[in-house]
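The numbers here are math on the coordinates, done by the rules we state, and not lab data. This one's a predicted model, so the numbers in the text were calculated from it and none came from an experiment. In this analysis, Cβ positions are derived from the backbone assuming ideal geometry, glycine residues included, and neighbour counts consider all displayed protein chains.
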Amino acid sequence: MTTVRAAVDPYAEAAPASAVRFLPALNPLAKLAGPAPAMVMLVFVRDLATPLAFLTLAYAVLLVGARTTARLAVLLLVALPAAAVVIGLGFSLWVDPAGVDHGTVVLRIGDWRLYGGAVGIGLATGLRLVAIVALALIAGLTTTGPDLARALVQQLRMPYRIGYTALAAFRFVPRFRHELDVIRQAHRVRGANGGAGPFAAAVRWTGYVIPLLAGAIRHAERVALAMDARAFGAFPDRTERHEVPFRARDVVFVVAFLVVSAAILALFFPWRPA
């Protein structure tokens, strides 16, 4: 019974076997509130140790709390490390050589030299940006747009006219994908593919735009009529069908994340300038 309920409501009490993967069951606002101060602080740090520590924290939370998928593995093991290296080397090439230590020459091409100080500054910048992205992935990989809209309405008292308009917009995406597939099939049946090559692809997409726009207008009109028929917006509050509760586990996650973030800053941040 618990498994069936959890399939319908991700915030229902989970079975003991799945309790380890805790991130999908947390409130979306908790997953935003915990990492947010660390993300803001990373904008102002300039050392290597602090972003590396926050990056390790984000990896630990994702590996323990999120479902292990091929997408997550590629992001953590390939995409983020590659991004850190590429961004770091890119920024190191733009650093003013006059403002860095000339003690170590990493690369020399003719009269041009790449110093170790410039590489350190570039890697610190790359790690800082990648750590911010990794912290954002804690909520991004384990939260859906509809759940975030519901949480904003239920916990932060966003006007439900705005919140559920955004919810309706999220529902438009899979419908547009289905309509695009139908339009493509209709064009193929009628022999209107337009040939091969980039210009033919551009012509095909031009032919898709007008039917998609017409379908979007029709669908928006039906949604508006249905909302008016149900007196949507006529009352200050509405009854929620799917609740997104903010429970004790959410408070524990936010407090624990803030405590660990403060400990990282206390241990690694260079409070005294060198």
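Exposure proxy ranking for LEU72, LEU135, based on other Cβ atoms within 10 angstrom of each Cβ and starting from the fewest, stands as LEU72, LEU135.
Shown here is the pair-distance distribution of the range 159-229: with all Cα-Cα distances grouped in 10 Å bins from zero up to the longest one, the shares run 17, 40, 24, 14, 5 percent.
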